[in-house]
Every structure is written in structure tokens, then in C-alpha cells.
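Read through the structure below, which is laid out as C-alpha cells, and then see the notes.
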Amino acid sequence: MRTGEVTTRLYHHQTNQCRGGRRPDVPGFVPMDPSNQPQPFKRHLGAPVHPLPRDLPPTGPPAAATLSGRVPPSDPSIDGELLARLLFYSAGVTRTAGDNLWFRAAPSAGNLHPLEIYAAVTEVAGLDAGLYHFAPEVFGLEALAAGDHRRALADATADPDVAASPLALVVTGIPWRTAWKYAERGWRHVYWDAGTMLANLLSVAEGHGLPVRVRLGFVDAAVSRLLGVDGVTEFPLAVITCGRPTATAAAEPVELPPPQFAPTPLSPAPVDFPLVIGVQQAGELTTGDDVTGWRAAVGGLPRATDTVGAPVAAGSEPIESVILRRGSTRRMRRQLAPAELLHWAMSAATRAVPADAIPPGSTLLSHEVAVHAVHGTDPGLYQQVNGSPQLRRPAPEPKVRALSQRLCLDQPLGGDSAYTDFACADLDQVLDRYGERGYRVAQFEAGVAAGRLQLAAFTLGHGGTGLTFCDQDISDAFDTRAACMLAVAIGPPAYRSKPGGPPGRPRRITR
Ligand SMILES: Cc1cc2nc3c(=O)[nH]c(=O)nc-3n(C[C@H](O)[C@H](O)[C@H](O)COP(=O)(O)O)c2cc1C
């Protein structure tokens, strides 16, 4: 076992819930201290802000076709409007409550949104080449540095295609935003939320025929340096290129000036969590050769499909409209759900993710599914195999519902759903093949599947929510050595949520 794997395993066990998780005390940490709450939006003092286009009515092919992977890539040229769509429908503000509660296009545990997005813009009509930071609350791009920064990103990702892509987005995580509530387990939330946000971004891009590729392998310190972040209180999670590589690659790295604009303070006294710092650093790669070697070693785990059959019951609503309607379902009705809500939605959710660390036709996850009330499917414990659920243990509906509720930390939604999906990863296999960075990939992929599953459920007029869970109890209940990465409850909602609003006009809701 390699040293870092010890760190990762220790982190995993110490942040387990219900059984086994024993975390050391962190000096100065008061959970959810209102006087030390992190700012939900990062800003750079004095940075000029370029407003983004706000007229972005939902458009594009049906969500069902998009989520099924059935929209052929057309490689549109990227302009300010398409960039605005990608950003708004993945990280934009869609609803507000009171004076200081913002809901966003993608779900986030505790509504804490620990993510930031940066854009290295080169060939985007209407925008000068440069490095920008997305400011969702004003729906604009803060201009951080002029010039073409693709070569630096290409070097950091050891991927020449990055230097030739019209647009690269970099997603970062600010662990204190979520650790403020979830302590060390907050590191997992950073990667889950990156996954749910990327589920939206990938879907919107697919809906517009825009090829997108996610890179989870990169020299962490080099990407941090480019963005002007310290790699500890804010660290890079993913580099995403949009559009097909063109013939005109950036040649030399642009000399980076020192960061010109100081970031706004996060909170009066941000707290560092040693386990979070440890698990993040255990997965770091330090040279381009490390990245290339890591990428060469990935793959070979169970298969995921790239394209699935679209459901017959879905209408023509575009994915962007589904994203606006989505909101985590707070109450579900114990009713029989149509078969497609299980069969199609799970297939769409577990489609291959276009990421360097997840080669085509593979996945790091297995899906253990507790089925409560789905037409044509007996209640019981299932495993999703090659796109369809295989019954492992039949059980009466009330018993499965009670088990699911218990596994979801006794939250009623876990048992009220039509089914609850537990995305799991065999950590022995993942760490053995991917090294410690594999833990990030498994958490991230579980987030993408969770985000897609909820979008698929809303496409069919149903509901869903991510749920926290009892780690070891899930492995025991499903008799698997795989560890749960994330739980999602899917089922008929007990109410209809009102759609979120467009950029600059979020819908006001009461909570
Ligand atoms: C990874 C993850 C875990 C979540 N866990 C829970 C949970 O345990 N219980 C719950 O009621 N909601 C949970 N949620 C839903 C969030 O509370 C919800 O996304 C957030 O309040 C924002 O609201 P919205 O999804 O309607 O935009 C979770 C969401 C995510 C993405």
C-alpha cells in the first residue's frame, strides 16, 4: 500500500458517518457559527467586470435526447451567449429566499456552493483573450489577466489539445465554505458538488452540440499558480475544454504577472482542517510526467454506456428548462412510479463521463439501488449492471423503505422515494489502479451521476434529491465491499416546484 493511500483510507474512515468515523477535534472550529459564515461568492477587489448576455431563454433539443447522449456534436463556434449559457445553467443564481439565501442551477449539499469557475478565453466572439473569473451574483466575468493562457494550462494538464481549444474552464473548490457545516467531511462535498455542477454543464454543452472534455489529471500547483489561488484554502478540481481543438494552438506560455486583484475575505476566521488538507495533498501530481503516467494507468473498471435509448414518455422540453425547474425535492409521495423513472433515468445517469480519468466505456462506480415502488419491478435490493437493475435480494416494500430511510441517516426522503440509488466504489480497486487521486475521481463521478439522475427524473416530471448516508451500513446492507460515495432519492414529488428565474431575475421563494 502506498503512503498516500494510507492518508486517503484514513480520511475515508475518519469521515464516515453513523459508525466508525472518529475525527480529531479541530481547534477554533464551531460548527455553523453564524458570525464566521463564509461568503457565498468570491470577488476580486478592483477587477473590471464584463457583463454577460442575460437573454438566455431555454433552447435546444429535448432534454430526454440530450441526457440519452443522442444529440450529435455540431461544434458550434463559441460566443458570449453560449459561454453565458454554460455558466448560468451550471452555476448561475436561479432562486433567492430572504436577503441572503441564493439557490443555484445545480444542487449543493447544505446549499453552500463551495465552487468557483475561472475561464481561460481565447476564441470567444465578443471577449478579449484573457483569464476571467465568473461572478454569478452579478452575472459577469471579472477580468483577472489579459492574454492567451492556454499553453500554461496545456503544460499543467500535459495535454496539447488544451492549447488548441477555444475555451477552457477551471473549477476550483473552497473547502471552508462547506466544512463550516460538514467539517472534514466537507472535502467530499467539494467533489460531489463539482460533479453535480458538471452534470449540468455537460448536459447544456451536449444540448448545443458542443464537445466538452474534462481533465482531472493536472499539476495541481501549476493550475493554482495560474489562477492566483494558494492550493489549500482554494484548490483546482477540474479543467474543462469546450469546443474542438483548432489548428491554431497557443505557442509559448504567457509570462504571468503577480495576481493584480486581492480576493475578498472568506470569513472573519476561516478554519483549516488537517484531514482535508491531507487528503487533497495526498492526491496531488507534481510534474507533467506524473500526469501522463497517471493518465496511462487509469481505466479497466466496469463498463458504462455512452448512449442510451430515449424514453417514450418525455416531451420536447429543452434541458435548460428542466434545469430551471429542478429544485431538490423536499417531500415525496409514496406512489408507484413508472418503469422509465428507474430504467431510463438510471441508464442516463450512468452514461460515460467525458473525462481523462474515466476512459470511454468505463466507470469507477457500481450502483446499489433500493427499489420501493416502481411499476413492473419487485421491491428489493438491486445492483445496476450494464445499464439495467439486477435483483440481488427481494424484500417487502415497507422493509426496503425502512432500510433506505435508515441508510440515509434516518431522513424520510430516503424511504419515501420510489427508489434510492447508492453510488459505490471499490476503494481497493480504485486506489490500487489510480493511486490516491482516484478517490477524487470516484467522488466526482458519483456527483455527476447524482446530478444527471435528478435532471432525468425532472425530465419525466418526477423529483429527486441528494442525501447524506451511513457509510458502512450501506456496504453491509448490499453485501458489497464497495464504499458508498453518494445517495440520491428519486420519486414522485408531493408538490410542484416553481421554475427558477433568468440571469439577474432569480425567483423569490419562501423556505
Ligand atoms: C451531495 C449532496 C448531498 C445532499 N444531501 C442532502 C441531505 O442529506 N438531505 C437533504 O434534505 N438534502 C440534501 N441535499 C440537497 C441540498 O440540500 C440542496 O441541493 C440545496 O439545499 C440547494 O437546493 P436546490 O437543490 O433546491 O437548489 C444534498 C445535495 C447534494 C448535492
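The values are calculated or read from the model by the stated rules, or taken from the named source; none is laboratory data. As the structure is a prediction and not an experimental result, all values here were calculated from the model. Glycine also receives a Cβ, built like all others from the backbone with ideal geometry; neighbour counts cover every protein chain displayed.
Is at least one residue of segment 93-101 within 16 Å of the ligand (Cβ to nearest atom), among the basic types (K, R) and crowded, with 17+ Cβ neighbours inside 10 Å?
Residues of segment 93-101 that are within 16 Å of the ligand (Cβ to nearest atom), as a first pass: 93-98, 100-101.
Still in the running and among the basic types (K, R): 95.
Then keep just the ones that are crowded, with 17+ Cβ neighbours inside 10 Å; that gives 95.
Yes, that holds for at least one residue.
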> Could you give every pair whose Cβ atoms fall below 6 Å, whose first residue belongs to segment 323-351 and is touching a residue at least 24 places away in the same chain (Cβ under 8 Å) and polar (S, T, N, Q), and whose second residue is away from the ligand (no atom under 16 Å from the Cβ) and part of a loop (DSSP other than H, G, I, E, B), counting only separations of at least 6 or pairs across chains?
Replying inline: Q335/P492; S347/V308; S347/G387; T350/A304
> Quick one: is F139 crowded, with 18+ Cβ neighbours inside 10 Å and at positive phi?
Replying inline: yes
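Report yes if A489 is in contact with a helix residue (DSSP H, G or I) (Cβ under 8 Å, 6 or more places away or on another chain), in a helix (DSSP H, G or I) and either assigned by TED's automatic domain parsing to the domain that holds G186 or surrounded by 21 or more Cβ atoms within 10 Å (Cβ to Cβ) (or both), otherwise no.
No; evaluated as a whole, the condition is false for this residue.
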> Going through segment 312-340 one residue at a time, which ones are of a type outside the set (S, T, Y), part of a helix (DSSP H, G or I) and within 23 Å of the chain's Cα centre (by Cα)?
Replying inline: I319, E320, V322, I323, L324, R325
> T264 is checked against (1) surrounded by fewer than 19 Cβ atoms within 10 Å (Cβ to Cβ); (2) modelled with pLDDT under 95; (3) of a type outside the set (F, W, Y) and fails just one. What number does that condition carry?
Replying inline: (2)
>> List pairs: first residue in segment 96-114 and farther than 18 Å from G504 by Cβ, second residue within 6 Å of the ligand (Cβ to nearest atom) and assigned to a loop (DSSP other than H, G, I, E, B) anywhere in the structure, Cβ distance under 8 angstrom, at least six positions apart or on different chains.
In response: P107/S328; A109/T468; P114/S108
> On the given criteria, is A269 at pLDDT below 95 and either surrounded by fewer than 21 Cβ atoms within 10 Å (Cβ to Cβ) or touching a helix residue (DSSP H, G or I) at 6+ places or on another chain (Cβ under 6 Å) (or both)?
Replying inline: no
>> Among the residues of segment 30-85, what is the count of those that are within 23 Å of the chain's Cα centre (by Cα), within 21 Å of C242 (Cα to Cα) and of a type in the set (S, T, N, Q)?
In response: 3
> If you scan segment 398-447, which residues turn out to be within 15 Å of the ligand (Cβ to nearest atom), touching a residue at least 12 places away in the same chain (Cβ under 8 Å), acidic (D, E) and not in a strand (DSSP E or B)?
Replying inline: D416, E445
>> Restricting to segment 102-133, and then to whatever is in a loop (DSSP other than H, G, I, E, B) and under 23 Å from Y182 (Cα atoms), can you tell me which residue is farthest from the ligand (Cβ to nearest atom)?
In response: P114
